Amino acid sequence: MILKLSSPIGKVKGIGEKYIQILNHQGIFSVFDLLLRFPVYHIDFSSSRSELLVGQEGLFPIELKNARLTRNFKKRISLLKVNGYFKQQPIQIVFFNQPYLLEFFQKHEKVWIYGKVETRDQVFQFTNPGFFPDIKEKKIIPVYRRIATIKSGQIRRIMENIFENLEDDYENLPQPLLEKYNFKTISHSLKEVHSPVKYNENYINIQKQRFVYTEFLLFELELQKIRTFFSHVSRIHGYVINDKIKHSIENSLSFELTADQIHAFEDIVNDLKSDYTMQRLIQGDVGSGKTVVAFLALLVAKENGYQGAFLAPTEILVNQHFRKATDFFTGAQIGIITGSTPLQEKKRIIEGLMKGNIDIIFGTHALLNEKIQFKRLSMIVIDEQHRFGVSQRAALYYKSKSVDLLVTTATPIPRTLLLTLFNDLRVSKIESMPAGRKPIISKIIKPESRNSFYIWLRKKIEKGAKTFIVLPLIEKSDFFHSLRSIEGEAEYYKQAFAPFKVEFISGKSSSLQKDRALKAFFSGKIKILVATTLIEVGIDVKDSDIIVIENADRYGLAQLHQLRGRVGRGELQSYCYLHPSPNITRNGKKRLTTIVSSCNGFEIAEIDLKMRGGGFISGLEQSGFLDFKIGDVKGDYSVLIEAQKDAEQIMKNKSMQNSFISDFLLSVQRKIESISFS
Ligand code: ADP
Ligand code: MG
């Protein structure tokens, strides 16, 4: 039977009802969808290793001796130890929590394993390696990531069945682009990516490029389509800024605006006077004062008789903004709605918004999902917008069709990337800091100076310093190495600083606990707040002047810069102390010295991009902002930029659109139009 790329997966030999269900659930419907699940790597059986070198990864033929399984039911751990030989040298293979492998290793006398050589108690060891029973004729074997319960071996057999019967000349990229990049046909490239005739990593990567490129191109086309659509949304809500409004602006401000804050506000006012709705991004480094500019925009909306909504990514941040708003919007009715708002109160707020009794609402993005109706919403502010994923962001555009949209970000995204990500928004930059700010002094604490550091810190706290201590989340893979839990760590600090009261908050704390601890820290009732990175974004405690970051090298540059930004938000001289972890890497060291040498987010972002440490970019990736299936923004950055330029050409020049592209653009168009606006 002949298969086409568009054939439903049910047509493939080896895929029955059960697999169809599993695959559909993973968004895989056609043969093409499945083929886009590329191998993670290939194993070339013609080139196995000839010796055991610690740290080296590779393929090793192993003679098996015995296998033993131990279980610890209390801890729910099982350990499979397999003993064998590689060229007469004893080796051990261990598998955690895969008791079902016992049978396999008891049954076979010889296996091939693929993994990294380690040593333990002077014996060579492999931990959770890949393994293969027989390799008679297959020379190059692709290894796949599991798809739900379907394992690599099963996927491999299915893929083989597909390639045996695949006959297709389907093409999705327009001819000029194929020529420009010298791409091979889709089926040829797929074949080479999955089962290349000869193994050559570089060659496989070149064959992958067309798929990476296509994914980026569609992403860019969608963004640009959205932009053209929304840049032409006619204004419904008109604004005036008369003397009365100017007066209430002056009354609300408790400090002089910086020149950049004034410029940003002027940009906003100009947008509000234009015939189209506002779509603006305020980009400013940590602590530069973006909130007040956003508040002013909301004030203008309120004074013109409209409602406004302010969205922030976390509950503690929403609470903080709400508290500030209470001082700022003296004559307005403001409300707050988050995941932990009691039902009764929620009802009251929803009614208030619908009837128009509430002028400005603060909330997490729950505010969007709930079917909240406004009487006369005209302005939406989204704080720290990079924290919102692509789909949420699209939803926002759709929701905000006829309203003015202002978003803020502290992520100092480099210019080129900025264009790609935010090419649908106009940008106001806040570069200058409010007057009187002193650059934060950052230092790396050597492990041997830890004790004297704590003695010194105690003295500072006695003299009134307010200190954040940041603990890293313990990752699963650390479980076996680190016996100290994060709670234990917090306990250590509590004892070390007694009689001073230490509060500890983590992701597990209830929102009430978090809010209480932050309030106590804010008011000065407690001087030491131990927390996980949940304090990373936005938290504003003006007089906190010391931040201590444990295992600081574990964080990317972006996160370190954000964390450090929790101090130095007032006129006090502030300090940031970085504790390296025991097994710090070379890049980890470089990150710490970078943070010590610069306080400027833009500078740091540029270094980050060069280092390809990817802190800034992977931050965006993790937040779902750039979660590509095939492409990798770090590794394929230049492809993304090319795709952006091409997308621009395609949008301008219809003759470059083939039927695939124009169908795609049509589907985006439909998506935009299908959203009904209240
Ligand atoms: P971010 O840009 O990181 O969101 P915020 O808006 O939270 O920063 O502002 C940081 C701190 O600086 C706040 O405490 C705010 O009140 C203060 N601030 C903002 N603008 C000024 C200004 N022009 N003069 C003095 N302090 C300011
Ligand atoms: Mg902020």
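Please list 3J(HN,Hα) in residue order for the stretch 55-71, calculated via the Karplus relation 6.51 cos²θ - 1.76 cosθ + 1.60 where θ = phi - 60°; whole Hz, with x for glycine and proline.
Values, residue by residue: x, 8, 9, x, 9, 9, x, 10, 8, 8, 10, 8, 9, 9, 10, 10, 10 Hz.
Using the 2.2 N^0.38 Å rule of thumb for compact globular proteins, work out how the stretch 47-133 stacks up: its C-alpha Rg over that value, please.
In units of the globular-protein estimate, the stretch 47-133 measures up at 1.05.
Show me the ranking of peptides 633-639, 554-560 by mean Cβ neighbours inside 10 Å, starting with the highest.
554-560, 633-639
If you wrap a convex hull around the C-alpha atoms of the stretch 140-199 and split its volume per residue, what is the figure in Å³?
Hull volume normalised by residue count: 112 Å³.
Amide H neighbours of Asp543 under 5 Å, at least 5 residues apart or on other chains, H built in the peptide plane: list them.
Close amide H contacts, sequence-distant or interchain: none at all.
With the cut-off at 1.5 for a/c, could you classify the stretch 33-84 from its C-alpha gyration tensor as rounded, prolate or oblate?
The shape class here is oblate.
Do the alpha carbons of any pairs in Lys81/Lys107; Lys290/Lys347; Lys18/Lys139 sit beyond 21 Å of each other, and which pairs?
Flagged as over cut-off: Lys290/Lys347; Lys18/Lys139.
If the viscosity is 1.002 mPa s and the temperature 20 °C, what Stokes-Einstein diffusion coefficient in µm²/s follows for the chain when Rh is the Kirkwood radius over Cα pairs?
75 µm²/s
Need one value: the accessible area of His321 in square angstrom, 1.4 angstrom probe, rounded to the nearest 10.
His321 exposes around 10 Å² with every protein chain in place.
Going by amide H atoms built from the backbone, whose H comes under 5 Å of the H on Gln279, apart from near neighbours?
Leu405, Arg426
Residue-wise, which Karplus ³J(HN,Hα) couplings in Hz belong to the stretch 521-530, taking 6.51 cos²θ - 1.76 cosθ + 1.60, θ = phi - 60°, and x for glycine or proline?
5, 4, 7, x, 4, 10, 9, 10, 10, 9
Tell me, what HN-Hα J-couplings in whole Hz come from the Karplus equation 6.51 cos²θ - 1.76 cosθ + 1.60 at θ = phi - 60° for each residue of the stretch 361-366, using x for Gly and Pro?
10, 10, x, 7, 5, 3
Enter the accessible area of Asp168 (Å², nearest 10), with the probe set to 1.4 Å and all protein chains included.
30 Å²
Summing -39500 (n - 2.57) over the DSSP H runs of n ≥ 4 in the chain and dividing by its residue number, what mean residue ellipticity at 222 nm do you reach, to the nearest 500 deg cm²/dmol?
-12500 deg cm²/dmol
Magnitude of the Cβ-charge dipole of the chain, K/R +1 and D/E -1, about the Cα centre, nearest 20 debye?
1800 debye
How many Å² of accessible area per residue for the chain, probe 1.4 Å?
Values: 33690 Å² over 678 residues.
Accessible surface, normalised per residue, equals 50 Å².
For the chain, what % of the accessible area comes from carbon and sulfur atoms, probe 1.4 Å?
C and S atoms contribute 51 percent here.
Using Cα pairs under 8 angstrom and six or more residues apart, how large is the relative contact order of the chain, in percent?
13 percent
What is the angle, in °, between the Cα long axis of helix 637-652 and the longest principal axis of the Cα atoms in the chain? Nearest 10 is fine, range 0 to 90.
70 degrees
Whose amide H sits under 5 Å from the amide H of Ile469, counting only residues 5 or more places off or on another chain, with H placed in the peptide plane?
Leu529, Val530, Ala531, Val548
Could you name the lysines in cross-link range of Lys590, using Cα to Cα under 22 Å and dropping any fewer than eight places away on the same chain?
Result set, ordered by chain and number: Lys443, Lys446, Lys610, Lys634.
The values are calculated or read from the model by the stated rules, or taken from the named source; none is laboratory data. This is a predicted model, so every value here is computed, not measured. All Cβ positions, glycine included, derive from the backbone under ideal geometry; neighbour counts span all protein chains shown. All accessible areas refer to the heavy atoms of the entire protein, side chains included, with ligands and DNA or RNA removed. Shrake-Rupley method; radii C 1.70, N 1.55, O 1.52, S 1.80 Å.
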